Each structure stands twice: as structure tokens, then as C-alpha cells.
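The values are calculated or read from the model by the stated rules, or taken from the named source; none is laboratory data. The structure presented is a predicted model; accordingly, all values stated were derived computationally and were not measured. Cβ placement follows ideal geometry from the backbone for every residue including glycine, while neighbour counts extend to all protein chains displayed. Just so you know, the surface numbers come from the protein's heavy atoms only, side chains and all, with ligands and any DNA or RNA stripped out. Shrake-Rupley method; radii C 1.70, N 1.55, O 1.52, S 1.80 Å.
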Amino acid sequence: MATEQYDIGEMVFAVNDIVNDGGMPGVDEEGLIAAAGTRGVVVQFGHAELAPSQEIYLVRFETGPDDTLGNPVGVLPEELTQEAPAEPST
């Protein structure tokens, strides 16, 4: 499966819940960083040191109702999409 390249500044959404794997200070291990559908912006991208073919994106996801951006978090391309989540039916 080919991965899509996201550029710095592009808006993305979390495909699934993004949880702390233990590498993010200030968030409990397995604590929620961004819920599925949360909007974020790509701030950097690169490759994993131990797997140079694996792309990793640093994304700042929105936190709270005022759209403040949280700290950057490393995510894999398959954890991101540019498709906005469907609005709930009323």
C-alpha cells in the first residue's frame, strides 16, 4: 500500500484515536493524545531511525474548544487522512 506524502502546513485528521506509547512526556502511558477525527497540522516529517523506509509525521492536533494546537506528536502516515470526518446526523 502506497502512503500519501503530507507536506508541512497541511491539515490532517486522526484516522483512529492516537494514544501515548510512552514517548510523550506529560501524558499518561496509553493516554489519549487525539481522538479519531481530531484536526491537526503537519509541522515536520522524516523517517524512523531504526527503519529508514518508515515515514513519520510530527502533527500538532487541536485541543479544546478554542482550537489551540497541542504539542507535536509523531504519527505514522496510515494514522492520518485529509478527509474530514462526517458530521453527525441531527
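Summary of computed values
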item	result
Some residue of region 6-15 being exposed (fewer than 15 other Cβ atoms within 10 Å of the Cβ) and among the hydroxyl-bearing types (Ser, Thr, Tyr)	no
Filtered residue count, region 47-90, keeping only those that are over 14 Å from the mean Cα position of the chain (by Cα) and within 18 Å of Gly9 (Cβ to Cβ)	2
Scope region 34-90; condition open to solvent by 50 Å² or more (accessible area, probe 1.4 Å) and in a helix (DSSP H, G or I); matching residues	Glu78, Glu79
Residue tally, condition of a type outside the set (D, E, K, R) and touching a Leu at 6+ places or on another chain (Cβ under 8 Å), over region 51-73	8
